[in-house]
Amino acid sequence: QVQLVESGGSLVQPGGSLRLSCAASGLPFNSYAIGWFRQAPGREREGVSCISSRGGSTYYADSVKGRFTISRDNAKNTVYLQMDSLKYEDTAVYYCAAIWKPWGQCEVEKTYNYWGQGTQVTVSS
């Protein structure tokens, strides 16, 4: 069974930081690119960031560029999203997702194969 489990979401003040984790199992992790997506109530799902299967290529949405950092540890089958300088507009449920892509750059506009259940990030004063 393929499973992606997000963790690390919580309530945080503006300007604060969080690190989200996505732990994967049941798939050849190093053949999958991993994306982070978020969805706020009343908004469409947004591709936040992604990382290629070996970690050599990354993508960031303009809204988070310079504030978020994606990384992966293939030995631990885990992808991280370090979120710094958080803003109110970062409030959303954050999902990680996996797409089979053993080579090349990652793309958030692709149809991802597997999805986690999400973790809530709330930025509030």
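Numbers at a glance
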| quantity | calculated |
| --- | --- |
| Equivalent ellipsoid dimensions for the stretch 25-65 as semi-axes, Å, which come from the Cα gyration tensor, largest first | 23, 14, 5 |
| Accessible surface of the chain, 1.4 Å probe, proportion on carbon and sulfur as whole % | 44 |
| Solvent-accessible heavy-atom area per residue, rounded to whole Å², over the chain at 1.4 Å | 52 |
| Spin-label model distance (nm) - GLN1 vs TRP115, 7 Å beyond Cα toward Cβ | 1.9 |
| Cα convex hull of the stretch 62-125, projected area averaged across orientations, nm² | 5.4 |
| Karplus-derived HN-Hα couplings along the stretch 89-98 (A = 6.51, B = -1.76, C = 1.60, θ = phi - 60°), whole Hz, x at Gly and Pro | 6, 7, 4, 4, 8, 9, 10, 9, 8, 10 |
| Cα pair distances exceeding 26 angstrom across the chain, given as percent | 14 |
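The values are calculated or read from the model by the stated rules, or taken from the named source; none is laboratory data. Bear in mind the structure is a predicted one, so any value in this text is a computation, not a measurement. When we count neighbours, we look across all protein chains shown, and the Cβ atoms used for this are built from the backbone with ideal geometry, even at glycine. SASA here: full protein model, heavy atoms, side chains in, ligands and nucleic acids out. Shrake-Rupley method; radii C 1.70, N 1.55, O 1.52, S 1.80 Å.
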